[in-house]
Each structure stands twice: as C-alpha cells, then as structure tokens.
1. Looking only at residues in segment 171-187 that are touching a residue at least 12 places away in the same chain (Cβ under 8 Å) and under 17 Å from the mean Cα position of the chain (by Cα), which one is surrounded by the fewest Cβ atoms within 10 Å (Cβ to Cβ)?
2. Go through segment 146-172 and count every residue that is in a helix (DSSP H, G or I), modelled with pLDDT under 85 and touching a Pro at 6+ places or on another chain (Cβ under 9 Å).
3. When segment 28-39 is examined, which residues are found to be of a type outside the set (Val, Ile, Thr) and under 14 Å from GLU78 (Cα atoms)?
4. Give me the residue from segment 31-57 that is crowded, with 16+ Cβ neighbours inside 10 Å and β-branched (Val, Ile, Thr) and, out of that set, farthest from the chain's Cα centre (by Cα).
Amino acid sequence: MSVRADVLLWAQRVLAKTGAPAHQLLEVPAHAPPDVVSDAFQQIARMGHPDLHRSNLDPAELELVTSAYSRVAGAYQEMRTARGTTQKIKTIGKDEPQSIVAQRMSNQFKAQTPSAGTAEVTPSSGIAAQSMNSKALIYYRKAEMALRRGDIRGAVLQMKMAIAGDPGSTFLRTALGEMEKELTKKP
C-alpha cells in the first residue's frame, strides 16, 4: 500500500473511535508507562503529522488527517498530564491570575523578532489565552509563529488544529477566516 493510502486509513480508523479513551487512540495499554506512550505518539507523528502530507493530499483528505492527528495529539497530552510527566511546562500557581500568565506568554512571543515584510493577521494578546483551552492555545501560538515567518498556509493548518482542539471557540474561527482572506489575496 502507498503512504497516502496508509495515512488515510489510519485517519479514518482514528476518527471512527469517537469517544474512545486516550490509550485506545494511541494504541497502548491503559496503564502504559510514559516512555511507551511517548514512543507510540512519536511513531504516529512520524507517519501521520499533517505537515508531512501537505503536498500529496487534496484539501479534504488533509482536513481528515489534520482532525485525526489533532485527536491523537490531544489524547497524548491527556495521558501525559494524567501521569504528571509534563515537566517542561511551568504550572500556573494558585495566586497567579490567568491574565498574568497570558501576558507572560505574549511577551515571550513578542521578544522573537518577526521576519521583515510579514504582516501579522491575528492579535498577540491575552485575549487569545483566555478564550480557548490549553490544547487549542498551543496550536494558536504555532499559527502565530508561522505568520511571523510569513507562512500563511502553515498558519492556516495550525489554526485548523487549534479549532479541532476547541471547536466552540469563536475567536479561533474568526482568526481562521482572517487568515484565509489573506491567503486568497496572495498570488
């Protein structure tokens, strides 16, 4: 079978598991140790990450793969969090308000200098952090970084991943609409 067919079958299989526990999406035992969970996710990422298939899938197929990968990435994050292995992310203290955390993250991304000649389509503010869940926020920040590089197509893909992580966010849908308008303007 071709790589294209393999990834499409995998995506359909994942999306068919609606409501399945995280370990079933990652195809690991329920009480798998963190290294097994990580290895399983890395294997899936090497095969099914949407960025690997941008050029060989049509938009509908890419959307299918993006949705499946988003679901698996969410399952991986859920299992990592449940096992307490998220050590790289600083936890929010009880006395630290959400707005301060959002401001700190916003300042971190503003410190990186954007490429010359690129326009930002979405605002980099604490509003974004307060209007979506943590899974969606990760992809939203990746979309911001893609925009800073001038990669609007990559930003649109990351924004779709963010929407898959938080389907009810009107902020994300509005930002995606703005980016798609920019994409149609470019030759």
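The values are calculated or read from the model by the stated rules, or taken from the named source; none is laboratory data. The structure presented is a predicted model; accordingly, all values stated were derived computationally and were not measured. Neighbour counts are summed over all protein chains in view; Cβ atoms, including those assigned to glycine, are modelled from backbone coordinates with ideal geometry.
1. Restricting attention to segment 171-187, the residues satisfying the condition of being touching a residue at least 12 places away in the same chain (Cβ under 8 Å) are 171-172, 175-176, 178-180, 182-183, 186.
Subsequent filtering for residues that are under 17 Å from the mean Cα position of the chain (by Cα) retains 171-172, 175-176, 179.
Numbers: PHE171: 18, LEU172: 26, ALA175: 24, LEU176: 21, MET179: 22.
Out of the qualifying residues, it is PHE171.
2. Within segment 146-172, residues that are in a helix (DSSP H, G or I), modelled with pLDDT under 85 and touching a Pro at 6+ places or on another chain (Cβ under 9 Å) number 3.
3. Hits for segment 28-39 are ALA30, HIS31, ALA32, PRO33, PRO34, SER38.
4. So, considering only residues that are crowded, with 16+ Cβ neighbours inside 10 Å and β-branched (Val, Ile, Thr), the one farthest from the chain's Cα centre (by Cα) is VAL37.
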